[in-house]
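The values are calculated or read from the model by the stated rules, or taken from the named source; none is laboratory data. Here the structure is a predicted model, which is why all the values come from computation and not from measurement. Ideal geometry is used to build each Cβ from the backbone, glycine not excepted, and the neighbour counts take in all protein chains shown.
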Amino acid sequence: MQFAIPLSRDGEPLFRQVYTGLRQAMLAGKLRAGERLPSTRDLAEQLGISRTVVLLAYDQLLAEGFAEGRRGSGTYVSERLAGNTARVERRSAKLRLSRFGMAAEEAASSVDSPQRRPGPLRYDFVFGRSDLGTFPFETWRRLLLRQAKKAPPRQFDYGTATGSEKLREAICAHLRRSRAVVCEPSDVIIVNGSQQALDLVMRVLVEPGDVAAIEDPHYDGTREALRAAGARLRGVPVDRDGLIPERLPDNAKLAFVTPSHQFPTGAILPLDRRLKLLEWASRRNAVVVEDDYDGEFHYGGRPLESLQGLDREGRIAYIGTFSRTVFPSLRIGYLIPPRSLVPAITAAKWLNDLHSATLEQQTLAEFIASGLYERHLRALRRRNTARRAALLEAVQQFFGDRVEVTGDAAGAHVVLWPRKRVSEAQVEAEAAKRGVGVYGIAHCYLRQPSRPGFLLGYARLTEREIREGIRLLGEVL
């Protein structure tokens, strides 16, 4: 415990100055009731004075009841001071925010989606979360410990901005097989989740006033980041097949898309629309940002290859994350920008945070290269397939034709569209009273949506919980 007690060799005796400094700290609440004071030896060493001086100060505090001694334990702030300390009023200066700061402040109420609830719900259809119950944490702990033990000291020094070479190699090999991504390890930049990837792309490419095309509806994290960057947003309508290429604006510098499982509707962009999107980008000299947040999960038929794999001109910035397949707090994602942008984005990453945590990168690299990641993905896909089937069956049983479901061909969430007008907020509140968590879709639109809808994630529920949750939701609707 460090103390800042200004001492003067002139005037009051030193012990009195130490006593006064500690007493004021106690009365101001900086030292709280029951908190242990440093030993007289430690405090004397910190202040550069004789231990005898500190002993005299402590004796005075003990005599006046500000401190109490405990045999064999030390000296503590008296419990009698609890609730009797003076509150120091601290004024908050009116500070001027930057343009980015003002935009971030305006977005404060809508970021961190879905909003955390005050208490846990028994049947929470939360979306955008990984299946923590299926992940092999014991295996992960062993790998992490092994990396920590065998790593040479130099590995704990600063790393490269682009990330671990082994992890970039492992990601590249996996994406070539599973998503038909065209890349070399040197093209991959490791980031702290897909949100940082979005931020880096915007820092490098977006000037205030630039036009950016965004799916409508869309992921609100992309929308708010673009607003904070000063972009002018142009919503592109989405139908059952995803983004409508013919509605892309002529003056957009970038387009942000989720073609493999449109967020939030779940539509899968067909090949002809993907090709039209690439034609638009070529004609307008634009960059397309492909957020492949849910690309590992597909049900029925062969999944379409990534948009990046179809690109022949170097116009796609491909973003992926391990938050949905490993666990969110790992905060490891990847960005594969066009090669012409790699130097600028690498420098932007360094300016932003130097590099991502290296020990976790090495552990993830081994997890992927050893085949454990593929095994885990197979287990996740089996579990999600069973959950999805239980969800669709329960919706049919308890809702029938009163609702429409979209987004069930991929990913780990669907959208439930009631056929009659309802209040999203009211349904959310009534469902929560029954222990069911559902999430309205209105926050994903630039303007008021034409009809209400509810996002239902199923990655963290059992089949029994899904059926019971849908039954209770049926009572609400």
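Here are some notes:
- Test: residue in segment 368-387 that is touching a Leu at 6+ places or on another chain (Cβ under 7 Å), of a type outside the set (G, A, S) and more than 25 Å from R177 (Cα to Cα): yes
- L277 passes every criterion in (1) assigned to a loop (DSSP other than H, G, I, E, B); (2) crowded, with 23+ Cβ neighbours inside 10 Å apart from (1).
- Members of segment 424-448 found to be under 20 Å from D216 (Cα atoms) and outside any helix (DSSP H, G or I), listed by number: Y439, G440, I441, Y445, L446, R447, Q448
- Matching residues in segment 239-293 - criterion: being among the hydroxyl-bearing types (S, T, Y) and either touching a Lys or Arg at 6+ places or on another chain (Cβ under 6 Å) or under 21 Å from F322 (Cβ atoms) (or both): T258, S260, Y293
- Filter result (hydrophobic (A, V, I, L, M, F, W, C) and not in a helix (DSSP H, G or I)) within segment 176-204: A180, V181, V182, C183, V188, I189, I190, V191
- Residue match in segment 434-444 (condition: outside the structural domain of T265 (by TED's automatic domain parsing), over 27 Å from the mean Cα position of the chain (by Cα) and aromatic (F, W, Y)): no
- All of H376, H355 fail the test of being part of a helix (DSSP H, G or I) and either surrounded by 17 or more Cβ atoms within 10 Å (Cβ to Cβ) or of a type in the set (A, V, I, L, M, F, W, C) (or both), apart from H376.
- The helices (runs of 4 or more DSSP H) located wholly in segment 1-72 that include 3 or more residues which are of a type in the set (A, V, I, L, M) and in contact (Cβ under 8 Å) with a residue 24 or more places away in the chain occupy 14-27, 51-64.
- Filtered residue count, segment 120-142, keeping only those that are in contact with a helix residue (DSSP H, G or I) (Cβ under 8 Å, 6 or more places away or on another chain), in a helix (DSSP H, G or I) and over 25 Å from D294 (Cβ atoms): 0
- Condition met for I5 (at pLDDT 90 or above and either of a type outside the set (K, R) or surrounded by 13 or more Cβ atoms within 10 Å (Cβ to Cβ) (or both)): no
- Options I332, I345, I336, I319: the member that is closer than 30 Å to I244 by Cβ, among the β-branched types (V, I, T) and in contact with a Ser or Thr (Cβ under 7 Å, 6 or more places away or on another chain): I319
- The lone criterion from (1) outside any helix (DSSP H, G or I); (2) under 25 Å from the mean Cα position of the chain (by Cα) left unmet by R387 is number (1).
- When R421 is tested against (1) surrounded by fewer than 19 Cβ atoms within 10 Å (Cβ to Cβ); (2) at pLDDT below 95; (3) closer than 28 Å to L145 by Cα, just one condition goes unmet, and that condition is (3).
- Restricting segment 75-100 to residues that are farther than 29 Å from L55 by Cβ and among the basic types (K, R), the residue that is modelled with the lowest pLDDT: R87
- S329 vs. criteria small (G, A, S), buried (at least 23 other Cβ atoms within 10 Å of the Cβ) and either in contact (Cβ under 8 Å) with a residue 12 or more places away in the chain or within 29 Å of N384 (Cα to Cα) (or both): no
- Only a single item in (1) in the same structural domain as L455 (by TED's automatic domain parsing); (2) closer than 14 Å to V326 by Cα; (3) surrounded by 15 or more Cβ atoms within 10 Å (Cβ to Cβ) is not met by R383, and it is number (2).
- Flag for E305 being modelled with pLDDT of 95 or more and not in a helix (DSSP H, G or I): no
- Within segment 449-462, if we keep just the residues that are in a strand (DSSP E or B) and among the aliphatic types (A, V, I, L, M), the residue that is nearest to N384 (Cα to Cα) turns out to be L456.
- E207 vs. criteria crowded, with 23+ Cβ neighbours inside 10 Å and either assigned by TED's automatic domain parsing to the domain that holds V181 or outside any loop (DSSP other than H, G, I, E, B) (or both): no
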